[in-house]
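Student: Dropping a structure here in structure tokens format, bear with me for questions.
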Amino acid sequence: MGDTLLALSIPVLVFAAGIHAGCETWWRRRMPAPPSRYTHQAARLAGHETVAAAEEIVVGAYATLEGLYGTPGGAIPVMGATGAPTAPGLTPGAVASPGHGRSHPASARRG
């Protein structure tokens, strides 16, 4: 009797597993999982936090080494379009090209 019961329990187990898989599939289609916490918004917020941390590091470095840079009070020099600090008499808007189109090519230097 034990061998017969064991032999009959195998098809019952397979049938029950199939019913369970079908019900689980139906349930997941009707009730989708909540959105992942790793969304585009979370990545954007993490990027903002990284930029804020980097700014704190840069400001701290300038405050620590302000004597080497020659700027009063730890002020960070403003970088111009060329990557160098801007001249005191020029504003970034004055050296920028007019309009949103392409810039006029520079005249060729000879000599």
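The values are calculated or read from the model by the stated rules, or taken from the named source; none is laboratory data. Keep in mind it's a predicted model, so treat the numbers as computed, not measured. Ideal geometry is used to build each Cβ from the backbone, glycine not excepted, and the neighbour counts take in all protein chains shown. Keep in mind that these areas ignore ligands, DNA and RNA; they rest on the heavy atoms of the full protein, side chains included. Shrake-Rupley method; radii C 1.70, N 1.55, O 1.52, S 1.80 Å.
Student: Give the stretch 32-55 a look and list any residue that's at pLDDT 90 or above and either open to solvent by less than 100 Å² (accessible area, probe 1.4 Å) or of a type outside the set (Asp, Glu) (or both), or say none.
Tutor: Gly47, His48, Thr50, Val51, Ala52, Ala53, Ala54
Student: State yes or no: is Ala21 modelled with pLDDT under 70 and either of a type in the set (Asp, Glu) or surrounded by 10 or more Cβ atoms within 10 Å (Cβ to Cβ) (or both)?
Tutor: Considered against the rule, which asks whether it is modelled with pLDDT under 70 and either of a type in the set (Asp, Glu) or surrounded by 10 or more Cβ atoms within 10 Å (Cβ to Cβ) (or both), Ala21 comes out as no.
Student: What's the total number of residues in the stretch 64-83 that are in a helix (DSSP H, G or I) and at pLDDT below 85?
Tutor: Count: 7.
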